[in-house]
1. Does Ala117 count as assigned by TED's automatic domain parsing to the domain that holds Phe80, small (Gly, Ala, Ser), surrounded by 21 or more Cβ atoms within 10 Å (Cβ to Cβ) and under 25 Å from the mean Cα position of the chain (by Cα)?
2. Filter segment 303-321 down to the residues that are of a type outside the set (Lys, Arg) and either in contact with a Gly (Cβ under 6 Å, 6 or more places away or on another chain) or farther than 21 Å from Val289 by Cβ (or both), then identify the one that is surrounded by the fewest Cβ atoms within 10 Å (Cβ to Cβ).
3. Before we move on, is Asn104 modelled with pLDDT under 95 and surrounded by 18 or more Cβ atoms within 10 Å (Cβ to Cβ)?
4. Within segment 183-300, considering only helices (runs of 4 or more DSSP H) that don't extend past its boundaries, which have at least 3 residues that are more than 28 Å from the chain's Cα centre (by Cα)?
5. Considering each residue of segment 54-73, count those that are of a type outside the set (Val, Ile, Thr) and either touching a Ser or Thr at 6+ places or on another chain (Cβ under 8 Å) or touching a residue at least 24 places away in the same chain (Cβ under 8 Å) (or both), and give that number.
6. Please go through segment 186-224 and pick out each residue that is touching a helix residue (DSSP H, G or I) at 6+ places or on another chain (Cβ under 9 Å), at pLDDT below 85 and in the same structural domain as Gly234 (by TED's automatic domain parsing).
7. Check segment 17-37 and report whether any residue there is assigned by TED's automatic domain parsing to the domain that holds Val99, touching a residue at least 40 places away in the same chain (Cβ under 8 Å), small (Gly, Ala, Ser) and under 19 Å from Trp116 (Cα atoms).
8. Filtering segment 320-353 down to residues that are touching a residue at least 12 places away in the same chain (Cβ under 8 Å) and assigned to a loop (DSSP other than H, G, I, E, B), which residue is nearest to Arg302 (Cα to Cα)?
Amino acid sequence: MLSDPNYIGTFDSFVERFILTPFGHLISNTAKRPKLLIAPRSGQMKNNKLAAWVTTQDEKQLRVPAWQIIPYREEKRVGFRASKKFGGLKIKPGTNDPVKELMNLGYYTHSQRVYWAARLLFDRPHIADVIARRFPEIIVDEAQDTNEWLITLLKLLRNNGAKISFVGDPDQCIFDFALANAEMLPEVVTRWQIIEMPLSKSFRCNNQIAAAVRNIGGNSAFQGCGDGTHSYHGPFVCRDPGENFERSVSLFEDLLRRTGIPKAQSAIVCRAHDQLQEIRGEATYTHLVGEARRLAEAAFMRDCRKNYKKAYQIVEASVRSIVDNTNLWDEIDDAPDSEQAIKIKLAIWRFVKREDGLPSVKLTGSEWIDRIREGLTTLISEIGIQACPNLNVKINKKGLKTDQMELPLLHEKTLFPEIRQDTIHQVKGESIDAVMVIGSKGFWNSVVKAAETWANTEDKRLAYVAMTRARHVLLVSLPAVHYAKKIERWKSWGFRDI
């Protein structure tokens, strides 16, 4: 345990460190401690015990591997469904349990982690008692993003004496893909008879922005931290006639000049990755398939988002998939601080950092495929593998049309490089001096309809989160068709039209 009795970390790290790492082997009654599955091995992909079958709407049978299966609560029972990649279809109970079989082999996935922790504490209540005594007080921040498994786990600890406090805002629940439920926090307050201490003042935005945005959120008492100090401090909307957002960006830059806010302290926040891509450039790499696309995404993460950590994680998972050597990866996972493990990690890190390793997305499709094969051949040799006969099969040009072969995998735009560009999920929790929010016609139609009917939808919560990142200036870019029909509604909410 920690020398300091206080633990601060993510829920996932808490579950890993204090539940699954010390006690997870008891689930399958083995001596081997279970670990997170980074990438499936060839033998696992062929193992029929590690798969379930679902029926699609057109009556086709679809094979779903265990690592693409998500446990969920179905009233008082446990249900399983396929991941979004496989359509999110429910899996009917069968003769085998792929998720349990995966755990028997010593592995679990991100979406299965808390499920197994909750199952362990339920089946062995004395462990829940030990953990509750070790952590008599638990404060859950960003509690709106909890899901049923986290609540189940916390309930088991609470029943054993731990005091649970939640801090969160249901309007900011935007992780539906991770089973987060916006209704969960209010339900738990009622179910557990928790004392509420509501907070309505935001220290992220001024009063003008708060007054406009509270028409979209669910907190009618929402207020800012003071009036704006400039006549152009506040919320604005604009009409964008095209799909490249150049007019909106021009107006945003004009607001920055008027208010004296540096571009480096502003951000363009997009609802979806395709809009973000439109802002950043024209992408060809998304047409690739399999490992080639995955490695191209790693290059995009490094070159465009400067996210070297994410690029490393993608490359490591891809290398594990390409190099089908179960013994090697088991040795690395069992001894992550060994000389061999460190050697492999450094080799992958050097590969990610260097363009003669992971090629730039500025290269043409044809050049990039040739270069990535060369770089991987060198990397695999450095790892200690003599040959990888399936490399050309795993890395190919499939998906790229003939004319795309001679195009850059990403043709970057340099219209406004000084302004940060990100998705809503990536800026959650931040406060930014000036924000421009971009969304499609369908997205804004959904937001307005939900606000008018007081419906609690993910689109409305996403809009709320994006708008409340703005400290001084907020500009909402509306597609021309939506603007023509709904501008009066936006103006009635307090947004100024420019």
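1. Values: assigned by TED's automatic domain parsing to the domain that holds Phe80: yes; small (Gly, Ala, Ser): yes; surrounded by 21 or more Cβ atoms within 10 Å (Cβ to Cβ): yes; under 25 Å from the mean Cα position of the chain (by Cα): yes.
Taking the combined requirement at face value, the residue satisfies it.
2. Step one: list which residues in segment 303-321 are of a type outside the set (Lys, Arg), which gives 303-304, 307-308, 311-319, 321.
Imposing the further condition that a residue be either in contact with a Gly (Cβ under 6 Å, 6 or more places away or on another chain) or farther than 21 Å from Val289 by Cβ (or both) reduces the set to 307-308, 312.
Numbers: Asn307: 16, Tyr308: 14, Tyr312: 20.
Ranking the candidates gives Tyr308 first.
3. Numbers: modelled with pLDDT under 95: yes; surrounded by 18 or more Cβ atoms within 10 Å (Cβ to Cβ): no.
Criteria not met by Asn104.
4. Output list reads 207-213, 246-259.
5. Keep residues of segment 54-73 that are of a type outside the set (Val, Ile, Thr), which gives 57-63, 65-68, 71-73.
Right, trim to either touching a Ser or Thr at 6+ places or on another chain (Cβ under 8 Å) or touching a residue at least 24 places away in the same chain (Cβ under 8 Å) (or both) and you get 61-62, 65-68, 71-73.
The qualifying residues number 9.
6. Gly218, Asn219
7. yes
8. Val323
The values are calculated or read from the model by the stated rules, or taken from the named source; none is laboratory data. The structure presented is a predicted model; accordingly, all values stated were derived computationally and were not measured. Don't worry about glycine lacking a Cβ; one is built from the backbone with ideal geometry, like all the others, and counts go over all protein chains shown.
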